[in-house]
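The values are calculated or read from the model by the stated rules, or taken from the named source; none is laboratory data. Quick caveat: nothing in here was measured; it's all calculated off a predicted structure. Heads up, the Cβs are rebuilt from the backbone with ideal geometry, glycines too, and the neighbour counts pull from every protein chain shown.
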Amino acid sequence: MKEFLEEIESDVSDIKIKKFDYISTKIVPSRNDTSLTFERGQDKIGKTIETCVLFVDIRNSVELNSTHNSQTMGRIYSVFSKSMLKVAKFHNGSVRNIIGDRVMIVFPVENCFSNAINCAITINHIAQEIISKHFPKVEFKCGIGIDYGQLKVVKVGIVRKGTENADNKNLVWVGYPANIASRLTDFANKTKDNTTVKVTYNPYDWSNIPAIGYTGDISRFWWQSRRNQGGLYLKSESIKYCNLEEFANSISFSADLSVSYSGGKLLKIEKQTNKIEFPSILITDNVYIGFKKTVSSKPSIVDDWLKFENHNIKDVKNVIYGKNLIYKI
């Protein structure tokens, strides 16, 4: 064990000191790309590509596995994976990860927007009109997410002889677009609780509050300001809408003030319950704008996409668009 751990530490030290260089490409790299390196003692060479990345995921797969027998689920996973591989190739994309019920597809730079959107429509059609038809007792649905941007590709793993070689190396796709596309996939074809809290409060009167850096007891200062008739808060009322996590982070409890609100004097809170039903295909505004340019003569394809600005999806700062599209055949 000591020797093994020393070997791992040596690997870490080796990778830590080596330089990482990236070559720009317009073609989707594969793990057999000989220009990508991972060997000990070499500077690592990766690639960058600015393109669309798509993730697709089977909805409620855990529940499906608990409801249906292994024969049925084995068939479901087989037809799903085989279909995704064929769909990707048909739309000039490359499958770069299959992890259980989630598939990652990356597209060459040329025509990436139209290829990615058309691929998403085809996947959605297959899920709703073909797989569901052949497995009527299975509530089969997919969620699809697409983003566009720069991805850095690094080969990871080790070389082994024999049948284990392919399973011991892979590509890692580093970059915001891959993370965002995957996050959109988590919400596509789902209903999200979008409960908010309406907070009514008197804002702080910053002209009557100690300068930044004040380290005294704010509760004592509050009582002192009351005695001085200065007032800690403005008389005007403000309203702020925040999600449950933001509201929880904005309040605190103390012996002197009971409940304190970070924005000022708390007057009233109202819980407003609502839900967002996301369609099966979700894309970022980066993809929407790029795709719209490619189909300017067919505005109906993009103009009626649903726009979600206040989606409250964690880590997704983009405006997102969604649509449940299938072919008329």
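Could you figure out which of (1) among the charged types (D, E, K, R); (2) touching a residue at least 40 places away in the same chain (Cβ under 8 Å); (3) farther than 29 Å from F291 by Cα isn't true of K133?
The number of the failed condition is (2).
Take region 240-270 and flag every residue that is within 30 Å of the chain's Cα centre (by Cα), surrounded by fewer than 13 Cβ atoms within 10 Å (Cβ to Cβ) and part of a strand (DSSP E or B).
Across region 240-270, the qualifying residue is only E270.
Restricting region 1-55 to residues that are assigned to a loop (DSSP other than H, G, I, E, B) and modelled with pLDDT of 90 or more, which is surrounded by the fewest Cβ atoms within 10 Å (Cβ to Cβ)?
Checked region 1-55; the qualifying residue surrounded by the fewest Cβ atoms within 10 Å (Cβ to Cβ) is K26.
Mind listing just one residue for me: the one in region 152-170 that is modelled with pLDDT of 85 or more and buried (at least 19 other Cβ atoms within 10 Å of the Cβ) and, of those, nearest to F308 (Cα to Cα)?
So the residue we want is V153.
Residue-wise test of (1) surrounded by 21 or more Cβ atoms within 10 Å (Cβ to Cβ); (2) at pLDDT 95 or above.
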site	(1), (2)
V106	yes, yes
S114	no, no
Q128	no, no
S132	no, no
P136	no, no
E139	no, no
I146	yes, yes
G149	no, yes
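Restricting to region 82-96, count the residues that are surrounded by fewer than 17 Cβ atoms within 10 Å (Cβ to Cβ) and in contact (Cβ under 8 Å) with a residue 24 or more places away in the chain.
Within region 82-96, residues that are surrounded by fewer than 17 Cβ atoms within 10 Å (Cβ to Cβ) and in contact (Cβ under 8 Å) with a residue 24 or more places away in the chain number 2.
What pairs can you find where one residue is in region 302-329 and surrounded by 14 or more Cβ atoms within 10 Å (Cβ to Cβ), the other is of a type in the set (S, T, Y), and their Cβ atoms are less than 6 Å apart, with a gap of 6+ or different chains?
Short answer, once both residue conditions are applied: W305/Y321; N318/T284; I320/T284; Y321/Y288; N324/S280.
Keeping to region 258-277, report how many residues are among the aliphatic types (A, V, I, L, M), within 17 Å of T200 (Cα to Cα) and in contact (Cβ under 8 Å) with a residue 24 or more places away in the chain.
3
Under the condition of being under 20 Å from K141 (Cβ atoms) and among the hydrophobic types (A, V, I, L, M, F, W, C), which residue from region 89-104 is modelled with the lowest pLDDT?
Restricting to residues being under 20 Å from K141 (Cβ atoms) and among the hydrophobic types (A, V, I, L, M, F, W, C), the top hit is I99.
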